[in-house]
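The values are calculated or read from the model by the stated rules, or taken from the named source; none is laboratory data. Computed from a prediction, not measured in an experiment: that's the story for all the values here. So basically every Cβ, Gly included, is an ideal-geometry build from the backbone, and we count neighbours across all protein chains shown. Surface areas here come from the heavy atoms of the whole protein model, side chains and all, with no ligands, DNA or RNA. Shrake-Rupley method; radii C 1.70, N 1.55, O 1.52, S 1.80 Å.
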Amino acid sequence: MKAIVVTDEAAGTAGMTVMERPEPVAAINDVVVQVHASGFVPTELTWPSTWTDRLGRDRTPSIPGHELAGVVSALGYGTTGLSVGQRVFGLTDWSRDGTLAEYVAVEARNLAPLPGDVDFTVGASLPISGLTAWQGLFEHGRLQAGQSVLVHGAAGAVGSMVTQLAREFGAYVIGTGRAADRQRALDFGAQEFVDLENDVLEDVGGIDLVFDVIGGDIGRRSAGLIRAGGTLVSVVGPPEVRPADALTIDFVVTSDRTQLGEIVQRVRDGRLLTNIGKVADLDDAVAALNPTERATGKTVIRVRA
């Protein structure tokens, strides 16, 4: 099969190449999915799991990408809950070969049915962004109606999902980003916007929940904004500064079939807008994943027309 492969950690996305790789085989409780579209998070080439397995052994050449939408083509021994020919989408294991390929083997429990009226490109854009937003807000942040939420990167792939879900559940949402992101963040539902390059972040006052996708100086300054009893949720590692009298949580997103169903249903009925930027074919994926200008929205690779 044709796949995107990485072998050199230092090279990052510039070291991606398209080559032929053996088709995967379904292990116990796996399915093989014929990939129609794949999402990609640029930072995954800095994750140890891209380069080594769970025992720390080198696993290059490895295939990146962990979001997919496609059709089940084979079932492993003992696999239940899915059937050959079924449309699915979901999130694959971090330390196995990923979805920038024509086929991928994935545990069946990590996939959810993809309704027939949802395009594969849309399905592939949802798993990491949607599940990260859902789990950060509701499982870890324990969001309640009426609370204030500060969403960093509110116009980005994850931030736009956080903004929309928080608004749906009755929060007051303040988005942040660059000046050029202001209108997009407001279009996704932010009620206020802080330009991190020109506005004073501290002017937002006390916040019940900060959702941090940036870290660094912004993460450190955000800790001081949280009200007593509030929560700082981070997806960029443990916060360097912990707020006084508040909860601090950093987490790694996991696949969840029920949550994927909740997310895709919201897309179907118009409550949740996708944030897809560039869409490229697999043959053009290396160039698409090495943009010469700042990307907006989620880059999705269309593996099969």
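Observations on the structure shown:
- The stretch between PHE169 and ASP281, if pulled fully straight at 0.36 nm per residue, gains 36.7 nm over its current Cα-Cα span.
- The residues of the chain have, on average, 42 Å² of accessible surface per residue, using a 1.4 Å probe with all protein chains present.
- Dipole magnitude (debye, nearest 20) for region 1-59, charges at Cβ of Lys, Arg, Asp, Glu: 60 debye
- For region 92-188, the relative contact order comes to 21 percent (Cα pairs under 8 Å, sequence separation of at least 6).
- Sites listed here are trypsin sites (Lys or Arg not before Pro) in region 251-305 whose DSSP assignment is loop and whose Cβ has at most 10 other Cβ atoms within 10 Å: ARG294.
- Calculated FRET value between THR292 and VAL200, using beta carbons and R₀ = 35 Å, to 0.05: 0.60
- The orientation-averaged projected area of the convex hull spanned by the Cα atoms of the chain comes to 15.4 nm².
- With the charge dipole of the chain set up from +1 on Lys and Arg Cβ and -1 on Asp and Glu Cβ about the Cα centre, the Cα lying farthest toward the positive end among the listed residues ALA180, PRO22, LEU232 is that of PRO22.
- Longest DSSP-loop-exposure-free segment, GluC sites (Glu not before Pro), the chain, at most 12 other Cβ within 10 Å: 1-196
- The chain, relative contact order [Cα under 8 Å, separation at least 6], %: 18 percent
- Over region 1-142, the ratio between the Cα radius of gyration and 2.2 N^0.38 Å evaluates to 1.03.
- For the chain, modelled as a GNM whose springs connect Cα atoms under 10 angstrom apart, the maximal fluctuation among LEU247, LEU150, LEU131 occurs at LEU247.
- Of the chymotrypsin sites (Phe, Trp or Tyr not before Pro) in region 159-196, the ones in a loop by DSSP (not H, G, I, E or B) with at most 15 other beta carbons within 10 Å are PHE169.
- Using R0 = 35 Å, the C-beta based FRET efficiency linking TYR77 and LYS2 works out to 0.80.
- With every protein chain in place, the chain: carbon and sulfur % of accessible area (1.4 Å): 50 percent
- Nearest 10 degrees, 0 to 90: helix 157-168 Cα axis against the chain principal axis: 60 degrees
- Comparing Cα centroids, region 1-59 and region 100-151 end up 20 angstrom apart.
- Computed about its Cα centre, the charge dipole of the chain is approximately 480 debye, with only Lys, Arg, Asp and Glu carrying charge at their Cβ.
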